[in-house]
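To start, the structure itself, in structure tokens.
Throughout, read-outs are computed from the coordinates displayed, never taken from laboratory work. Keep in mind that what you see is a predicted model, and the values were worked out from it rather than measured. Reconstructed Cβ throughout: ideal geometry from the backbone, glycine too, with neighbour counts over all protein chains shown.
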């Protein structure tokens, strides 16, 4: 899974203690009669060197010293003159500090043996790097690509541009398959901003700042103190892991890959594969009455309304313990009055059928509009059903019916029914957060989703986005104590985010992290784009391998794709186990009229993951065909 390692130079792979830039900066400023402390220099090591000079000149003591010593040279010209002197000074020390750090030779051998590409990003200029590269090559270190800020329009750390260029040159699209290693805060920030696994190295790094000889002469207690302070600084900057020696990266990579193999990708419509950070959020326990938790609940509710392109003036988010079906049942059971009401349910798959079952259990009068599983629910069919049943007051439909992956056109159906005064309920379980939905334009009364779908959280609660004035008229409608949507809403509103009954605290914190990651990705539009790319790649790749689609491409959602069995004697269980043993879990089919299986495109899944899956299926298909020939 780890395809590349992007390394820093001074303090990480060469120059134990990161002495070269320190000596050069100190001598360059001394040339102009300014005495710099090492602490001042080390605060921003990792930046490109001109930016570093400019930043140090912003310190009042340093700028005042320049003005006092050079009254005839404006401060704005100081950076250029000091930087020119720095280039002279660094050239004097680069060669003598270019020795590989302990552990690098082993790491190079490991990377070569495991086909892991090596690249570098640096605060050095290309001219400086040109001096270092042949010296490193003599010691066996020849990174495939070496990126300076001169190649990224002088955009350096902590921005991700250099790492992103390195990935582009290595033809890597998924940053989670890349490790960025460095010894400075700016290294860590560069890696985090690029989305890579960010690793901080302590021994011989900038934050300790001692030569190898100086460090070795310390007693164990002082070494440990240096380690602790440096590690804490890198961890606070956001490092995913901390290593002492660069050679420690080898067992860490093996551990990461073992974990990835132990956690197969869920190519399902939910639960789905979540990010490492979402999982890690659940490692802390929380109390349901805690004010921070209640405040977080209110923030989550606010964010959900925003994602639905609505305002809290008109809509509210009600969280309900349990799976998505709990939310659907709570919405149906609360929305429909106990008298003088009839529910029309449009069903073209298993989840429409589940709403029918809910209505049966709750003894709610209902009419069913039955639509074939491979066809969408149309406005014309709905209007025909309404004409035949003028008693209908409420309407329910599934947006993305994951029985097949079909996407029903709610944007044409729901506003028309709203014009007729019919209360509408949409099961958007597998689409909300992954397909743009505008509650205000739809004028939908209730939209139901779940924590473990396209927002990419984990299972534990359902979500009902409700039109406020509709929900506020439902007091006393509920057929259940625990699933009373109105009572749940009132408790949230009146008790500042308190849930009525014990809530899934860990899941809420994980969901809040998932919401933040949705925003970091670029919102629903960016996520839809990724899901669409996944689905297109999967669909076309499977068709090339001879697998036929269950539904027409024109009504295909980006959420999940259904494929027919390729042969009459196709052994799905063997196919499933083959993929599972190699890190992918798919879904059996639910279509009643043909044998099929389903593959999800949502969750923390990239195009690279889909490509790896297709390679496995290609191999499996070839093996199956060979077996059939032998038979």
statement: Fraction of alpha-carbon pairs in segment 19-96 farther than 18 Å apart, rounded to whole percent, equals 31 percent
- prompt: Out of every Cα pair in segment 57-105, what percent are spaced more than 17 Å from each other?
  reply: 53 percent
- prompt: Exposure proxy check: 500, 516, 157 ranked by fewest other beta carbons within 10 Å?
  reply: 516, 500, 157
query: What is segment 264-631 by shape, rounded, prolate or oblate, if you read a ≥ b ≥ c off the alpha carbon gyration tensor as root eigenvalues and call it rounded for a/c under 1.5, prolate for a/b larger than b/c, and oblate otherwise?
result: oblate
field: Principal semi-axes in Å for the chain [√(5λ), Cα gyration tensor, largest first]
entry: 56, 30, 20
- prompt: How far, in degrees from 0 to 90, does helix 249-262 lean away from the longest principal axis of the Cα atoms of the chain, to the nearest 10?
  reply: 10 degrees
message: Quick check: residue separation of residue 229 and residue 582 times 0.36 nm, minus the Cα distance between them. What number comes out in nm?
response: 123.0 nm
field: Mean Cα-pair separation over length for the chain, i.e. relative contact order, pairs under 8 Å, 6 or more apart, %
entry: 13 percent
At R0 = 25 Å, FRET efficiency that the Cβ-Cβ distance of residue 306 and residue 469 yields, to 0.05: 0.80
- prompt: Expressed in nm to one decimal, what extension gain is obtained for the pair residue 529 and residue 76 from 0.36 nm per residue of sequence separation less their Cα-Cα distance?
  reply: 158.6 nm
statement: Relative contact order as a percentage, segment 19-96, C-alpha pairs under 8 Å and 6+ apart, gives 46 percent
task: Go ahead and run the numbers for FRET between residue 496 and residue 279, Cβ-Cβ distance against an R0 of 45 Å, rounding to 0.05.
output: 0.95
field: Extension gain, residue 564 back to residue 350 (0.36 nm per residue minus Cα-Cα distance, nm)
entry: 75.3 nm
task: Measure out, as a whole number of angstrom, how far apart the alpha-carbon centroids of segment 386-465 and segment 67-97 sit.
output: 64 Å
- line: If one compares the long axis through the Cα atoms of helix 75-93 with the longest principal axis of the Cα atoms of the chain, the angle in degrees, nearest 10, works out at 70 degrees
Between 0 and 90°, nearest 10: helix 104-113 axis offset from the chain longest Cα axis: 40 degrees
field: Expected 222 nm ellipticity per residue - DSSP helices of 4 or more, -39500 (n - 2.57), all of the chain, to 500
entry: -14000 deg cm²/dmol
